Structures are given as C-alpha cells and as structure tokens.
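K.L.:
Structure provided below as structure tokens; questions to follow.
The values are calculated or read from the model by the stated rules, or taken from the named source; none is laboratory data. Small disclaimer: the values here were computed from a predicted structure and weren't measured. Note that each Cβ is placed from the backbone with ideal geometry, even for glycine, and that neighbours are counted across all protein chains shown. Protein only, heavy atoms only, side chains kept; ligands, DNA and RNA dropped before computing areas. Shrake-Rupley method; radii C 1.70, N 1.55, O 1.52, S 1.80 Å.
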Amino acid sequence: TPVVTISSDYCADSKQLRVQLSQQTPATADGSLKQPLLIPLKTELISADGSYQQQLLLTLTAAEQTIVLEDVPVAVQLVTLADFSAPVKLVQSRTLSELLFVVRYAKDGVARWDAMQTIWGDLVRQAMTSGMPAAFTLPDELVAMLAHLLREPLADQAFCAELLTLPGFDI
C-alpha cells in the first residue's frame, strides 16, 4: 500500500496554496523497486469558520510533487482522501484542533470518522505511554466537540454514534 505524505502552505499576499505531496510504496517480498503510481486525492478546502469550502481532485503522479492552487481567498484546512478516493496510507501532521475542525466541518463522512479515530487513537497511546495516570482527563476541546455532537446530533444518528465510539484494537 502506498504511503502518501501531504503538507501545505498558504500565502495570503498571492492567494496561493502550495500543496506538497510525496509517495512511497514499501518493498514487497520480491524486493523490486516500486515506481510512483497515479494517485487521485479527492480534497476539500475549508476556511477556519467553515464559510469557504471547495472540492477538487489533486493528482499525484511523481514520487514528490508540489501543486500550486491559485485564487484561494483565505487560509484553509485540507481534508484529503474524501470518499476514500485512493487506497493509500495518508501521513499528515495535524493538531487536536485541526482534527476536531475536520470532524466539525468536513462534508465527507469518511474524513470525519478518520479524524475522530485519529483523535481517540492518539489519546489512548498518550495514556498508555504515560502509565495510565488515574487523573487522565480528556482535552477540553474534545469534551466540547462531544457535547456538541450529543446536544445537536447529526441527521444520520448512526454515523454520529460512530464518531462517539472508541476505536478497536487496530489503532
């Protein structure tokens, strides 16, 4: 399975979003060198307040590639692999706030679910490495998101329940 790494930089002066992408496919049993694949990445751009949203398809064709998007009016979060557009492992460094932003604003359910699973997984790993202190508490931002989901559940209540569910053992 290819591993895709993504990061971005926004320049307000030029209204350009630079998206840096790379791909690497681990060696298989035969040990042969893997060539870059054509990888479609359905992506959502979402402004900090959720008022600006744009969907587009980024196409990764090389081992490393930079895509410059013009006329992006404001700084945005990238939500990549919408609708699970490619069977890849996505590596994207995100803070808790950024992940909660995806849970709240992304249109794609898979991206929202994946962001919440990442949050839960990070918290469980954090608790395990710190020796499971008795006073472990959830971050206030996460508690606020959970309260929001409970007070104002999504139209699809089964999906809302999935967002509230802790991950299984495969995190």
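K.L.:
Out of everything in region 93-130 that is in a helix (DSSP H, G or I), open to solvent by 60 Å² or more (accessible area, probe 1.4 Å) and of a type in the set (S, T, N, Q), what residue ends up being farthest from Leu57 (Cα to Cα)?
P.N.:
Thr129
K.L.:
Let me ask something else about it. Sort out which residues of region 1-47 are touching a helix residue (DSSP H, G or I) at 6+ places or on another chain (Cβ under 8 Å) and aliphatic (A, V, I, L, M), and write them in order of number.
P.N.:
Passing the criteria: only Ile46.
K.L.:
Applying the selection to region 8-43, what residues are assigned to a strand (DSSP E or B) and open to solvent by 60 Å² or more (accessible area, probe 1.4 Å)?
P.N.:
Listed by number, the residues that qualify are Asp9, Tyr10, Arg18, Gln24, Lys42.
K.L.:
So which residues in region 44-84 are open to solvent by 40 Å² or more (accessible area, probe 1.4 Å), in contact with a Leu (Cβ under 7 Å, 6 or more places away or on another chain) and assigned to a loop (DSSP other than H, G, I, E, B)?
P.N.:
Thr61
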